[in-house]
Amino acid sequence: IKGKDFILSVLRDGNVAVLDRKGEVRYPSKLRLNALSAYLGSRKAMDIGNWRLLWTDSAGTVLSGSLDGDMDTLSHAMSGTATVFDVDGDGHDEVVRTTSSMISVWSDGKPLWSVSVPDDPDASSFEVPLAPDESVVGVVLPKHAQLRLFDRTGPLWSGFPLKGSVRFSVADINLDGRLELVTADGD
């Protein structure tokens with residue numbers, strides 16, 4: 001940021017160390033990730049104090065906090081694994097919750113959409129970028145060797161589910177103007 005390197009490290013006690021490339025403190029962070037269960041990423045800012053970290057606490061609440069110490073609740077405690085990204089393209093993050101049988105998208109504490117999936121305790125969902133300002137929801141159901149792709153409003157993409165058992169990427173890998181899906185199956 002502004003020609004300086006910043007190394008962010010979330011410590012076991014929930015404090016955040018902001019270091020320079022020599023390991024010296026570059027910025028005194030006021031943020032503490034209380035009851036940290038899973039670190040979900042960060043959001044860039046024009047200055048280091050406004051840089052935001054995203055995490056879930058031990059109750060399943062999804063939180064966002066700036067290094068200056070300001071905190072917001074993105075989603076109240078719920079079951080399932082959380083992923084955070086701008087699903088609907090409105091410029092604001094939504095929370096995608098994945099349980100063994102349901103994918104749901106939440107914005108400002110309200111459900112945008114949800115879909116049932118075949119029961120799979122290892123189900124996972126993640127952001128699949130298609131263009132600089134467009135993402136969709138990818139889902140892997142390893143127990144069923146099945147991949148699913150949902151658009152920003154919830155419908156399953158045409159041609160899905162596909163065979164696969166790991167997280168996948170979508171890109172125009174052969175530069176023919178059409179998107180391809182790259183994955184692997186159990187074999």
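Quick rundown of the values:
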| item | result |
| --- | --- |
| Test: residue in the stretch 103-119 that is assigned to a loop (DSSP other than H, G, I, E, B) and under 23 Å from Tyr39 (Cβ atoms) | yes |
| Where Lys110 falls short, out of the listed (1) among the basic types (Lys, Arg); (2) touching a strand residue (DSSP E or B) at 6+ places or on another chain (Cβ under 9 Å); (3) open to solvent by 40 Å² or more (accessible area, probe 1.4 Å) | (2) |
| Enumeration of residues in the stretch 152-187 that are of a type in the set (Ser, Thr, Tyr) and under 11 Å from Gly138 (Cβ atoms) | Ser169, Thr183 |
| Residue within the stretch 38-47 that is assigned to a strand (DSSP E or B), under 29 Å from Gly109 (Cβ atoms), basic (Lys, Arg) and open to solvent by 70 Å² or more (accessible area, probe 1.4 Å) present | yes |
| Residue pairs meeting the criteria (Cβ under 6 Å; at least 6 apart or on separate chains; first assigned to a loop (DSSP other than H, G, I, E, B), in the stretch 10-29; second open to solvent by 40 Å² or more (accessible area, probe 1.4 Å)) | Gly14/Arg32; Gly14/Asn34; Gly14/Leu36; Asp20/Arg26; Arg21/Asp5 |
| Inter-residue pairs, beta-carbon under 6 Å, first more than 21 Å from Pro121 (Cβ to Cβ) and of a type in the set (Val, Ile, Thr) and in the stretch 153-176, second open to solvent by 90 Å² or more (accessible area, probe 1.4 Å) and in a loop (DSSP other than H, G, I, E, B), 6+ apart | Val170/Leu179 |
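Here is a yes/no grid of residues against (1) over 25 Å from Leu74 (Cβ atoms); (2) β-branched (Val, Ile, Thr):
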| residue | (1), (2) |
| --- | --- |
| Val115 | no, yes |
| Asp119 | yes, no |
| Val140 | no, yes |
| Asp151 | no, no |
| Leu156 | yes, no |
| Lys163 | yes, no |
| Arg167 | no, no |
| Leu175 | yes, no |
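The values are calculated or read from the model by the stated rules, or taken from the named source; none is laboratory data. If you're wondering where the values come from, they're calculated on a predicted model, not measured in any experiment. We place every Cβ from the backbone using ideal geometry, glycine too, and count neighbours over all the protein chains shown. Please note that ligands, DNA and RNA were not included when accessible areas were found on the heavy atoms of the full protein model with its side chains. Shrake-Rupley method; radii C 1.70, N 1.55, O 1.52, S 1.80 Å.
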